[in-house]
1. Just to be sure I understand the filter: pairs with C-beta atoms under 8 Å, separated by 6 or more residues or on different chains, first member in the range 40-53 and closer than 11 Å to Ile19 by Cα, second member assigned to a loop (DSSP other than H, G, I, E, B). Which pairs pass?
2. Out of (1) surrounded by 12 or more Cβ atoms within 10 Å (Cβ to Cβ); (2) modelled with pLDDT of 85 or more; (3) out of contact with any Asp or Glu (no Cβ under 9 Å at 6 or more places or on another chain), what's the single condition that is false for His47?
3. Among the residues of the range 15-35, which ones are more than 19 Å from Glu54 (Cβ to Cβ) and among the hydrophobic types (A, V, I, L, M, F, W, C)?
4. If a residue has to be at pLDDT 90 or above and outside any strand (DSSP E or B) to count, how many in the range 14-42 make the cut?
5. Identify the single condition in (1) under 26 Å from Leu12 (Cβ atoms); (2) touching a helix residue (DSSP H, G or I) at 6+ places or on another chain (Cβ under 7 Å); (3) of a type in the set (A, V, I, L, M); (4) at pLDDT 60 or above that Ile67 does not satisfy, given that it satisfies every other one.
6. When the range 1-32 is examined, which residues are found to be more than 25 Å from Leu56 (Cβ to Cβ) and either aromatic (Phe, Trp, Tyr) or surrounded by fewer than 11 Cβ atoms within 10 Å (Cβ to Cβ) (or both)?
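The values are calculated or read from the model by the stated rules, or taken from the named source; none is laboratory data. Model, not experiment: these values are computed from the prediction. Neighbour counts are summed over all protein chains in view; Cβ atoms, including those assigned to glycine, are modelled from backbone coordinates with ideal geometry.
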Amino acid sequence: MLPVGGIKEKVLAARRVGIREVILPRQNEKNVNEDLSPELRSSLRAHFVTAVEEVLGARATPPPPAIASALTPWSCRSLVRLLPHAHDRER
């Protein structure tokens, strides 16, 4: 799994809509430790993964069948398409 940019902005946006648990690529762990304030880190539960398959193990509840069936090493785009976006939760 490749690192993503804009971790601070993504975490702040997630926090604004009530998300307190995030799953991020392991390669972004340094960004979390360096870019986020201690207060923000303490209010956040971050799971760091190296493969898409680990995402299921980090979830507290089983994923919906549509998402579970989309999780293969070649289906990251499918997963992103199936996950609800923050703006959808506000409606």
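1. What qualifies is Ser43/Arg20; Leu44/Arg20; Leu44/Leu36; Arg45/Arg20.
2. (3)
3. Val17
4. So the count comes out to 17.
5. Among (1) under 26 Å from Leu12 (Cβ atoms); (2) touching a helix residue (DSSP H, G or I) at 6+ places or on another chain (Cβ under 7 Å); (3) of a type in the set (A, V, I, L, M); (4) at pLDDT 60 or above, the lone unmet condition for Ile67 is (4).
6. Glu9, Arg16
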